[in-house]
Amino acid sequence: MGASLEAAGIAGCFDGAMRWCDNPEMISRTHFARHLVDSGAVKDMRTVFRKYLTPGKPGYVSHQWASLEDAVGWIVGAGGMAVIAHPGRYDMGRTLIERLILDFQAAGGQGIEVASGSHSLDDMHKFALHADRHGLYASSGSDFHARARAGATSATPRTCRPSAGRSGASWKRASSGPLTDTTRTRTWRNSS
């Protein structure tokens, strides 16, 4: 990615991105994007992705995703709860999102992010209905990609009720639910 951006005329991208990354094995598009904004090459993160880091753009590097089954298995195997993150960002119609949810549940997935910074109010209500219809936990997440946004979450629809404490820094097991990290993602169980 750094070499591609250099070839597009933006010097020092890799070193600049590394200033935002604690682990060179985990460098990502977000680190390059932060560098490009910080250096003044572009005005904001949205512009970086639109201009440089999406398919067909000079800094785009294709990548391989884990299978749904593998990803869910790793999360559950590590003691976590697999949640479909910000589903409103995926370019899927009603049929595809239903298929995703069914496949996700078959793989062991248990939740869906209802409230996210990238979801509209309509999205939140739509995904709250999906959570209720499929018996999924509904989460409200900060999508923690930047320290400045740590813990910042959107409100969940009134149809969602908490299954665990609303504050605290430790892992807690709700009497009716899975483990939840209440400092990063609030997990809710829809009431019927």
Efficiency of FRET between residue 66 and residue 25 - r from beta-carbon atoms, R0 22 angstrom, step 0.05: 0.85
How high is the relative contact order of segment 2-53, in percent, counting Cα pairs under 8 Å that sit 6 or more residues apart? 27
The local net charge around residue 16, scoring Lys/Arg +1 and Asp/Glu -1 for residues other than residue 16 whose Cβ lies under 9 Å from its Cβ, equals 0
Among the aspartates and glutamates, select those whose C-alpha is under 18 Å from the C-alpha of residue 126, and discard any that sit fewer than 8 residues away in the same chain. 91, 98, 113
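Counting other beta carbons within 10 Å of each residue's own, what order do 13, 21 fall into, fewest first? Display every interim value, and only then the final one.
Working: 13 23, 21 16.
Listed from fewest to most nearby Cβ atoms, that is 21, 13.
What is the sum of charges around residue 76, taking Lys and Arg as +1, Asp and Glu as -1, for the other residues whose C-beta is under 13 Å from the C-beta of residue 76? List each step's numbers first, then the result.
Numbers: positive: none; negative: 69, 70.
Here the charged neighbours net out to -2.
All of the numbers you see were taken from the coordinates with simple rules; none came from a lab. What you are looking at is a predicted structure, and each value in this text was computed from that prediction instead of being measured. Here the Cβ is made from the backbone with ideal geometry for all residues, glycine too, and neighbour counts use every protein chain on show.
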